[in-house]
Amino acid sequence: MIGIGSDHGGYALKQEILGLLKEKGYAYKDFGGYDENAIDYPDIARPVAQAVLDGTCETGIVICGTGIGISITANKIKGIRCALCSDHFSAVATREHNNANMLALGGRNTGPEVAKDIVMAFLTTEFSNDERHIRRINKIED
Ligand code: RB5
């Protein structure tokens, strides 16, 4: 299950990503917002992060205008490693190296096709399980 959520700044891009997830057959839970009315991104980041931490969702995708506010919020929550990505390389690298469990996107700075490519790269790349990366992730958690 993929948890997904956005504020108003990410709403339009979220609709594109929902279409992609449907097309590719991924199960997802949409944590809102459910329209373009203004909402506060921390109110969306928190329940998506919680669902990742409690195992309801294997991963989370959060979207605000820039991806910055919603990723900062998610990363305040212990156990969350939320990667703000605007390119394919970073999406692959953050799964392989950081074992990122959430992806953040910017709805106002990342076009839908680039964002879809990032999402697919993120969802299909496994953690390397390399000892040095595990050591570094453990240091983040400490
Ligand atoms: C909302 O206008 C905007 O501030 C928000 O979507 C995000 O970009 C914050 O980081």
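Side notes on the structure shown:
- Segment 59-142, accessible surface, carbon-and-sulfur percent (1.4 angstrom probe): 52
- Gyration tensor (alpha-carbon) shape descriptor, segment 1-65, a/c threshold 1.5: oblate
- Couplings for segment 73-89, taken from phi via the Karplus curve 6.51 cos²θ - 1.76 cosθ + 1.60 with θ = phi - 60°, read 4, 4, 6, 6, 9, 4, x, 8, 10, 9, 9, 7, 10, 10, 8, 4, 4 Hz in order; Gly and Pro are left as x.
- Amide H to amide H, with H built 1.01 Å from N, L103 comes under 5 Å of G60, I61, V62, A83, counting only residues 5 or more places away or on other chains.
- Partners of K116 within straight-line reach, counting aspartates and glutamates whose Cα lies under 13 Å from its Cα and excluding those fewer than 8 residues away in the same chain: E16, E23, D87.
- Using a probe of 1.4 angstrom and keeping all protein chains present, the accessible surface of segment 33-112 works out to 47 square angstrom per residue.
- Dividing the summed helix terms, -39500 (n - 2.57) for each DSSP H run of n ≥ 4, by the number of residues in the chain produces a 222 nm estimate of -15000 deg cm²/dmol to the nearest 500.
- Calculated on alpha-carbon atoms, Rg and Dmax of the chain in Å: 13.8, 45
The values are calculated or read from the model by the stated rules, or taken from the named source; none is laboratory data. Computed from a predicted structure; not experimentally measured. These area figures cover heavy atoms from the full protein model, side chains too; ligands, DNA and RNA do not enter into them. Shrake-Rupley method; radii C 1.70, N 1.55, O 1.52, S 1.80 Å.
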